[in-house]
Amino acid sequence: MPKFLHISDIHLGFDRYDSKQRTLDFFYALQDVFAKYAVGEAVDFVIIGGDLFEHRNIKPAILNQAQICLRILQEANIPVLAIEGNHDNAPYGTKSSWLRYLSDWGLLKLLEPGNVSDGEPFYAHWDEETQKGGYIDLACGVRVLGSNWYGAAAPRAIEQIAKALGDLPPAPGPSILLFHHGLEGQIARYSGALRYGEVLPLKKAGIDYLALGHIHKNYSEDNWIFNPGSLEANNVEESQFERGAYLVEIDSTGVRAELKTDYHQRPIHRLQLKMRGQDPIEAVETGAIALLTKAIKSKEVVPEQQPIVELRITGTVGFDRLELDTRSLQKQLQEQCNALIFLLRYDVDEAGYASPISEEASRTEVEQEVFTDLLAANTVYKKRAAQLAQGLIDLKDRQMASESEESLYGLVETLLDQE
């Protein structure tokens with residue numbers, strides 16, 4: 001029974017957090033997956049459903065990472081079949097991509113449909129001499145077909161692919177199509193996702209395994225649509241998604257796909273601290289430290305693993321939110337848990353103070369309440385709000401009486417010096 005490994009969205013060269021070590025995580029993940037689940041499981045071939053790279057233009061070190069990983073399979077005589085995704089297709093104004101370079105060097109086979117407008121067949125069989133072709137019939141009895149990155153034109157491209165499949169000679173066995181696109185309903189805020197009915201013509205045209213990429217979350221439909229998800233999380237929000245590599249067995253009786261997740265992945269933890277309006281500014285720091293200490297003691301966060309940690313501070317604070325030195329707190333928390341990356345999200349609202357004032361209140365009483373509310377919103381002056389409010393009224397009255405600036409400054413100094 002033919003066996004293969006299906007991966008996608010590797011994103012070599014990921015650099016979002018400006019961390020060299022985090023960039024290496026994506027390399028180590030691919031290297032580990034190839035060693036464990038391709039060579040270790042003696043698969044017949046490996047398929048990559050797009051986005052091998054994070055960027056269209058890559059640095060030499062990132063190209064070297066791809067070559068190191070692909071040579072693991074080359075030395076084991078395991079062919080790699082790939083398509084371009086939206087991240088690694090040819091840069092604008094050029095006709096070649098780095099996947100084409102890897103294909104020309106024999107490290108993988110980039111399966112691309114032909115240019116029909118130039119008189120090329122949509123699907124030509126892979127040619128080892130030219131290192132080009134849209135599909136290949138493997139010795140294990142499986143046909144693998146490629147596609148391009150189509151974006152919003154994907155529904156129309158599916159119709160074209162389905163028609164082209166009918167023009168091919170009979171497949172030697174099961175047929176697999178690599179397609180970099182996502183299905184509707186899998187993640188929020190994804191415009192342009194395909195409906196199930198839009199991809200169904202591919203099944204009717206003879207595709208037994210639709211190998212998707214693009215969405216970084218694992219999912220499958222009807223045991224013929226499979227999306228493994230990204231190998232590593234590209235941000236902390238994606239840490240909630242299951243992801244991995246599909247180890248698949250396929251023959252005329254059907255598909256048996258198992259998602260493999262036991263490989264190098266950096267732990268990501270998300271914590272939340274909710275503040276209340278009456279909490280002083282000191283409670284933010286003590287609460288954050290206590291929350292992180294609890295997570296470490298429970299082994300939820302393991303400092304030895306150098307995890308990625310996000311702490312989101314929410315709720316309401318009774319002081320000017322800008323008074324908190326978030327940079328200093330972030331550094332302290334990062335050192336506490338030995339995090340490779342520590343993200344402090346400070347998403348709080350300031351408490352609104354508004355004392356009830358009766359309609360019969362005098363001007364002086366209104367001023368007293370307004371000044372008191374403004375001062376109570378500041379953690380420094382909160383405890384002395386009523387006293388300082390009376391002082392501000394006195395200051396205003398003296399200014400209206402045209403007292404000297406020296407006298408007014410003296411009153412302010414007296415108010416601020418009082419305990």
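Every number in this text was worked out from the coordinates using simple rules, so none of it is lab data. Fair warning: this is a prediction, and the values are worked out from it, not measured in the lab. Glycine also receives a Cβ, built like all others from the backbone with ideal geometry; neighbour counts cover every protein chain displayed.
Annotations
- Considering only 172, 201, 60, the Gaussian network model of the chain with Cα springs below 10 Å gives its largest mean-square fluctuation to 60.
- With the convex hull of the Cα atoms taken as the outline of segment 3-260, the averaged projected area works out to 13.3 nm².
- Remark: segment 285-353 projects, on average over all directions, an area of 4.6 nm² (convex hull of Cα atoms).
- The chain: angle of helix 60-75 to the longest principal axis, Cα-based, in degrees nearest 10: 40 degrees
- Extension gain for residue 312 to residue 289 (0.36 nm times residue separation, less C-alpha to C-alpha distance): 7.0 nm.
- Spherically averaged projected area in nm², based on the convex hull that wraps the Cα atoms of segment 363-417: 3.7 nm²
- Amide H partners (placed H, <5 Å) of residue 12, local residues excluded: 53, 54
- Within a Gaussian network of the chain (alpha carbon springs, distance under 10 Å), most fluctuating of 242, 323, 198: 323
- Per DSSP, loop trypsin sites (Lys or Arg not before Pro) in segment 114-219 with at most 10 further Cβ within 10 Å: 189
- 10 Å Cβ shell holding at most 13 others, DSSP loop, chymotrypsin sites (Phe, Trp or Tyr not before Pro): longest site-free stretch of the chain: 191-419
- Spatial extent of segment 226-374: Rg and Dmax, with the Cα atoms as the point set, Å: 23.9, 90
- The distance between label points at residue 417 and residue 203 comes to 8.4 nm (points 7 Å beyond Cα on the Cα→Cβ vector).
- Helix 281-297 axis, angle to the chain major axis (alpha carbon atoms, nearest 10°): 40 degrees
- Stokes-Einstein translational diffusion, segment 72-210 - Kirkwood Rh over all Cα pairs, 1.002 mPa s, 20 °C, in µm²/s: 134 µm²/s
- Here each label is just a point 7 Å from Cα along the line to Cβ, and for residue 77 and residue 394 those points are 9.6 nm apart.
- Full-stretch length increase - residue 163, residue 262 - with 0.36 nm per residue and alpha-carbon distance subtracted: 31.7 nm
- Segment 1-92: trypsin sites (Lys or Arg not before Pro) in DSSP loop, at most 13 other beta carbons within 10 Å: 16
- Of 96, 328, 404, the one that fluctuates the most in a GNM where the chain has Cα springs shorter than 10 Å: 404
- Descending principal axes extents, segment 243-282, alpha-carbon based, whole Å: 67, 21, 7
- Nearest 10 degrees, 0 to 90: helix 326-337 Cα axis against the chain principal axis: 60 degrees
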